[in-house]
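Peer 1: What follows is a single structure, and I will ask about it in a moment.
The values are calculated or read from the model by the stated rules, or taken from the named source; none is laboratory data. Remember, it's a predicted structure, so these values are computed and weren't measured experimentally. Backbone-built Cβ (ideal geometry, glycine too); neighbour counts: all protein chains shown.
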Amino acid sequence: MDLRAGDSWGIIACLCTVLWHLPAVPALNRTGDPGPGPSIQKTYDLTRYLEHQLRTLAGTYLNYLGPPFNEPDFNPPRLGAETLPRATVNLEVWRSLNDKLRLTQNYEAYSHLLCHLRGLNRQAAAAELRRSLAHFCTSLQGLLGSIAGVMAALGYPLPQPLPGAEPAWAPGPAHSDFLQKMDDFWLLKELQTWLWRSAKDFNRLKKKMQPPAAAVTLHLEAHGF
Amino acid sequence: MPARWTWTGRVLFLLLAVESLGELLDPCGSIVPEAPVVPLGANLTAVCVLKEQCMRDLHVRAEDIFWRTNHVAVPRRQYAVLNSTAASVTLAGLSLLSVQLTCNVRTFGQLDQNVYGVHVTAGLPPEKPENLSCIVPEGKRMTCQWDAGRETHLETNFTLKSEWATERFADCRARREAPTSCTVDYSPVYFVNLEVWVEAENALGRAVSAHLNFDPVDKVRPNPPHNLSVSSSEELSSILKLTWVNPSITSFMRLKYDIQYRTRGASAWTQIPPEDTASTRSSFTVQDLRPFTEHVFRVRCMKDDGRGYWSAWSEEASGTTCEDRPSKAPSFWYKTEQPLAHGSRSVRLLWKTLPPFEANGRILDYEVTLWRGKAAVQNYTVNDTRLTLNLTGDRYRATLTARNGVGRSDAATLTIPACDFQATRPVRDLKAFPKDDMLWVEWTAPGQPVTSYILEWCVLSDRAPCVPDWQQEAGTVHCTFLTGTLEESKCYLITVTPVYVDGPGLPQTTQAYLKQAPPSKGPTVRTKKVGKNEAVLEWDRLPVDVQNGFIRNYTIFYKTSAGNETAVHVDPSHTDYTLSSLTSDTLYMVRMAAYTDEGGKDGPEFTFTTPKFAQGEIEAIVVPVCLAFLLVTLLGVLFCFNKRDLIKKHIWPNVPDPSKSHIAQWSPHTPPRHNFSSKEQMCSDSSVTDVSIVEIEAGDRKPLPEDLKSLDLFRKDKASTEGHSSGIGGSSCLSSSRPSICSSEDSESARSTASAVQYSTVVHGGYRHQAPPAQAFSRSESTQPLLDSEERPEELPLSDALDGLPPGQPPFQQSGGPRLSGCGPGSPVREEDFLPDPAAQPPACGLGKAFPEALAAGALGPGLEGPIGGLEAVGVEAELDEGLPKSYLPQTVRRGGYMPQ
């Protein structure tokens, strides 16, 4: 029920947002504020782009870590990676997320991941890898901005940064090199999972945003008559 | 010593240098502003402030300051004294980019001293950069470019700035050598809007371009698709399938494509309609291609919504479509090689190989079927494009198909008419003309429906035979171009034959050039006839090989050696021309040029000279002159003839002709002489008188015995009777030409009427009855060489007989009578032989003692009555008389003439 309620709220929120924006839309001129639709679409594309980037980066980085991390069927237990936000979630729970929560979770997750990634960046050795990591970080930064933009377009406040998360990666005192690599491995894996999830999240949001766009079109046609 | 001086010199130099350096380091004043940069055309005010210490030392004031720009003093009206130590200058409208401005003072003694100097730079503030645009090549960094605007003449920095809504990126400084573009040093993040702008800044200002906000993905130029390959389909000969690998950007971006193709060797590309390739894909099937043709493909891509840039073209890939059956029947024609003879004729069937786009594959062979009437006569399978057949005179029909690996073409049908077929219905208004580097042929169709047209053409040449090429056109075509390789400047003989269902029509022919040129040789002109004032020139037509075009006209240039050239245009149909109004007796130089549409060519020069007189002019003068001369001569002759007596009287005095003198005819009846000698009888037929003439020559001393004998007889007879002679002896009028009666010592001789007789005619008879004493004439006084030698040739030595004659001269040749040796019927005596020689007569040798009887006879000249009777009676004498006129020597005085004395 909660989930449905959340869904309904989301829809209502969307409808409200659209209705709120409708008066602002000039009847025959759509050059004004395009609404969150394009932003959502762009964010979705960005997640796809980051996914593509990460695929290349992960390959390079796992090779840098060496075996067994670069083996295709390497699937270690998730040890010492509890600080990383989990992307995996129950499907029902995921479906029941409202837009705000969904966006907030994404924003928070990427904020955390970005902090971890920057720590990873600091330790990386190869210059080319460092550049790739830096670019990926920048892109992730862009994704955060993009999500923030969508949230702003939808009227949601940005979540407050968690205290202690901002200093980013604090290397644990008892971390061995292997465990460190394990953390790196899980960081990349979690990033990938989050990007997949985000793609679905924004696809879902995108689809949600389309009916109001149709309504606008209908409205325009009615106005035209 | 020199080393020491050098050392001292160095010290002095150092001291001076330090001192001057000190002055430089501590100048007497300063200029504000220190390094002014001013806009071009603006005013600059600079202030020079003097140090008080200096003013005291040099005893100068602010009023003593003066300024120089580039070593030229600035007029004082631009100065202003601000206070006791400072003065300013205002430079208005600076137009120079760089000016050296110095502040100077004039000390005592008019010594100018530089106080301070600055470098004034002029330029322009930067303009706002325009047309900012950025491009993001896939996998590379973003590059933006812009228009810098006007030249500022100053060092201007352009900075490309970029930022997100939440973050700012590092500035990109344009390099000095390329101030209008910059490549950022970070990889752009797609799908996040970026704001970029350009700032231009120099000493005079700063300008910022408009901000450009875009998603870098909308400025992407993707990498081109790669690994393009082409594959054909066995089932469809008109399609080829392209496959390629997309650039990696397709993993997050959709693409559209641009596919182009062309046949191998062609230059123009054909584009696949863009709407067919507007979505991301990695393969495409191209349709409607020609069978059995190699095609070349290339492909490029860009973002599907059209934002961004097209990628570069992929590498080209080629593929060949599969074969298909020939799409068209070959062109089909025939030639009669040998006309009908002995019931058979030879016909060569010709056809053209199909062009690749119609053959649709490799042609394996051709099949020819020959029909007579409705029945197929024979089938032939030929690899060549010709087939020679021996046919009867009937009408035949031939069909031709081409075969390739897939199938056969449609059949081409050709009707070979019977031998007695008369071709009619030609095309009309046939013309050929060059256009667009091709030779076009145009005609008007005949009224009847035409199956096809056959065009044949060949190069018209005197050197090579006409080897025709041909092509076939559909019956609906009325204008086409010749498909073969044609040469310029060659005359093409083009024949168009319409082909009807029942056979070919009448061919029509025309000539054309693909491109004309001036003739390669000019015509050789020569004269056919040259008159006094005109000349007929003639030339041969140029051979078709050197014409290089249609000869439109000839031009004849002629001139005298000194005169201007005259040109005459002549129609090309002529081969001669008459130049008139020429000057006589003048050398003319003439040459001739032939012109085609493209120009002309001169032939060799020919010279000729006009004669001084026209033909017949000389004759017209000479003939009348000759005629006149002749007439005058004739008239003169006539006149002389008419007046010959008068002239004769003046020129030739009347010399009595001794031959016409008659001594006398005193013995009218001379006894017959037939008893004398048989020899005389023999000569009686001729007109030989009794006078025998003996030629006495040096080498011929032998007298003619018979003659002499007769003479001898004669003499004896005379001597026995009364030998008489013309009155020579004692005549004193020998030289008188007039008849006169000369006195004579002898009365007897006086009776003879002969006068001025130089010699005697000895006539026997006469007074033969008389017997004058022979002694009385023992010696003749005549100077004439009378027939003394005849009298006594044997007794008279030649030297005596020819006494007084010049040696070697025949003494009696001219006066002698007919020679006895020549006596006979065939030797008439000619008068010319006896031309008188008056000069020789007087000194004629005297008779000496040769003819005493004769002289005696002469002296005893007969009476007047005597001779008549004598002549009548004596036949020989009669003959003698008749012969007398012809003989000069024995001049006889005719009756009525002069009588010898």
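Peer 1: Residues in region B:93-112: is at least one under 30 Å from B:Glu151 (Cα atoms) and either in contact with a Phe, Trp or Tyr (Cβ under 8 Å, 6 or more places away or on another chain) or in contact (Cβ under 8 Å) with a residue 60 or more places away in the chain (or both)? Spell out how you get there, then give the answer.
Peer 2: Filtering region B:93-112 down to residues under 30 Å from B:Glu151 (Cα atoms) leaves B:93-102.
Among the residues that remain, those that are also either in contact with a Phe, Trp or Tyr (Cβ under 8 Å, 6 or more places away or on another chain) or in contact (Cβ under 8 Å) with a residue 60 or more places away in the chain (or both) are: B:101-102.
Within region B:93-112 (the criterion being under 30 Å from B:Glu151 (Cα atoms) and either in contact with a Phe, Trp or Tyr (Cβ under 8 Å, 6 or more places away or on another chain) or in contact (Cβ under 8 Å) with a residue 60 or more places away in the chain (or both)), the answer is yes, since at least one residue qualifies.
Peer 1: Tally up the residues in region B:400-432 that are in a loop (DSSP other than H, G, I, E, B), among the β-branched types (Val, Ile, Thr) and under 18 Å from B:Leu370 (Cβ atoms), please.
Peer 2: Of the residues in region B:400-432, 0 are in a loop (DSSP other than H, G, I, E, B), among the β-branched types (Val, Ile, Thr) and under 18 Å from B:Leu370 (Cβ atoms).
Peer 1: Of the conditions (1) at pLDDT 50 or above; (2) touching a helix residue (DSSP H, G or I) at 6+ places or on another chain (Cβ under 7 Å), A:Ala168 satisfies every one except a single condition; which number is it?
Peer 2: Just one mismatch for A:Ala168, condition (1).
Peer 1: Look at region B:211-251 and say how many of its residues are more than 14 Å from chain A (Cβ to nearest Cβ), in a strand (DSSP E or B) and under 27 Å from B:Leu132 (Cβ atoms).
Peer 2: 2
Peer 1: Here's another thing I want to ask about it. If you check B:Tyr595, B:Tyr558, which single one turns out to be of a type in the set (Phe, Trp, Tyr), without any contact (Cβ under 8 Å) to a residue 40 or more places away in the chain and in a strand (DSSP E or B)?
Peer 2: Result of the check over B:Tyr595, B:Tyr558: B:Tyr558.
Peer 1: Another question about this same structure. Just to verify a result, which residue in region A:49-63, among those that are out of contact with any helix residue (DSSP H, G or I) (no Cβ under 6 Å at 6 or more places or on another chain) and crowded, with 16+ Cβ neighbours inside 10 Å, is nearest to the other protein chains (Cβ to nearest Cβ)?
Peer 2: Applying the filter and picking the extreme gives A:Tyr49.
Peer 1: Hey, another quick one. Any chance you could count how many residues in region B:601-616 are of a type in the set (Lys, Arg) and over 24 Å from B:Pro518 (Cα atoms)?
Peer 2: If we filter region B:601-616 for residues that are of a type in the set (Lys, Arg), which is where we start, we get B:601, B:612.
The next check asks that each one be over 24 Å from B:Pro518 (Cα atoms); those that pass are B:612.
Going through region B:601-616 one residue at a time, the tally reaches 1.
Peer 1: For B:Phe252, indicate whether it is within 19 Å of B:Met302 (Cα to Cα), touching a residue at least 40 places away in the same chain (Cβ under 8 Å) and touching a His at 6+ places or on another chain (Cβ under 8 Å).
Peer 2: When the stated conditions are applied, B:Phe252 passes them.
Peer 1: Within region B:180-201, count every residue that is surrounded by 19 or more Cβ atoms within 10 Å (Cβ to Cβ) and either farther than 22 Å from B:Glu138 by Cα or in contact with a helix residue (DSSP H, G or I) (Cβ under 7 Å, 6 or more places away or on another chain) (or both).
Peer 2: Of the residues in that region, 9 qualify.
Peer 1: For the list (1) away from chain B (no Cβ under 13 Å); (2) at pLDDT 85 or above, I need the number of the one condition that A:Cys137 fails.
Peer 2: With respect to (1) away from chain B (no Cβ under 13 Å); (2) at pLDDT 85 or above, A:Cys137 is out only on (1).
Peer 1: Working carefully through the options B:Leu124, B:Leu50, find the one that is in contact with a helix residue (DSSP H, G or I) (Cβ under 7 Å, 6 or more places away or on another chain) and at pLDDT 85 or above. Let's see the steps before the verdict.
Peer 2: Values: B:Leu124 fails: in contact with a helix residue (DSSP H, G or I) (Cβ under 7 Å, 6 or more places away or on another chain).
One residue alone meets the criteria, B:Leu50.
Okay, residues lined up against (1) closer than 30 Å to B:Pro611 by Cβ; (2) among the basic types (Lys, Arg); (3) part of a loop (DSSP other than H, G, I, E, B):
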site	(1), (2), (3)
B:Val477	no, no, yes
B:Glu487	no, no, yes
B:Val496	no, no, no
B:Gln511	no, no, no
B:Pro519	no, no, yes
B:Pro523	yes, no, yes
B:Thr527	yes, no, no
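Peer 1: Tell me yes or no: at least one residue of region B:616-631 is part of a loop (DSSP other than H, G, I, E, B) and either surrounded by 14 or more Cβ atoms within 10 Å (Cβ to Cβ) or not assigned by the TED database to the domain that holds B:Ala562 (or both).
Peer 2: no
Peer 1: Looking at the structure I just gave you, is A:Leu46 crowded, with 18+ Cβ neighbours inside 10 Å and not in a helix (DSSP H, G or I)?
Peer 2: No: the conditions fail for A:Leu46.
Peer 1: Please work out if B:Ala317 is surrounded by 14 or more Cβ atoms within 10 Å (Cβ to Cβ) and either over 30 Å from B:Glu473 (Cα atoms) or of a type in the set (Asp, Glu) (or both).
Peer 2: Answer is yes for this residue.
Peer 1: Looking only at region B:282-290, decide whether some residue is touching a His at 6+ places or on another chain (Cβ under 9 Å), within 23 Å of B:Ser233 (Cβ to Cβ), more than 14 Å from chain A (Cβ to nearest Cβ) and not acidic (Asp, Glu). Please lay out each step first, then the result.
Peer 2: First, pick out the residues of region B:282-290 that are touching a His at 6+ places or on another chain (Cβ under 9 Å): B:286, B:289.
Next, from what is left, pick out any that are within 23 Å of B:Ser233 (Cβ to Cβ): B:286, B:289.
Those left that are additionally more than 14 Å from chain A (Cβ to nearest Cβ): B:286, B:289.
From what's left, not acidic (Asp, Glu): B:286, B:289.
Yes, because at least one residue in region B:282-290 is touching a His at 6+ places or on another chain (Cβ under 9 Å), within 23 Å of B:Ser233 (Cβ to Cβ), more than 14 Å from chain A (Cβ to nearest Cβ) and not acidic (Asp, Glu).
Peer 1: Return the pairs, sorted by first residue and then second, in which the second residue is assigned to a loop (DSSP other than H, G, I, E, B) and of a type outside the set (Val, Ile, Thr), the first residue lies in region B:333-357 and is on the phi > 0 side of the Ramachandran plot, the beta carbons are less than 8 Å apart, and the residues are 6+ apart or on different chains.
Peer 2: Going by the 8 Å Cβ cut-off, the qualifying pairs are B:Gly343/B:Gly393.
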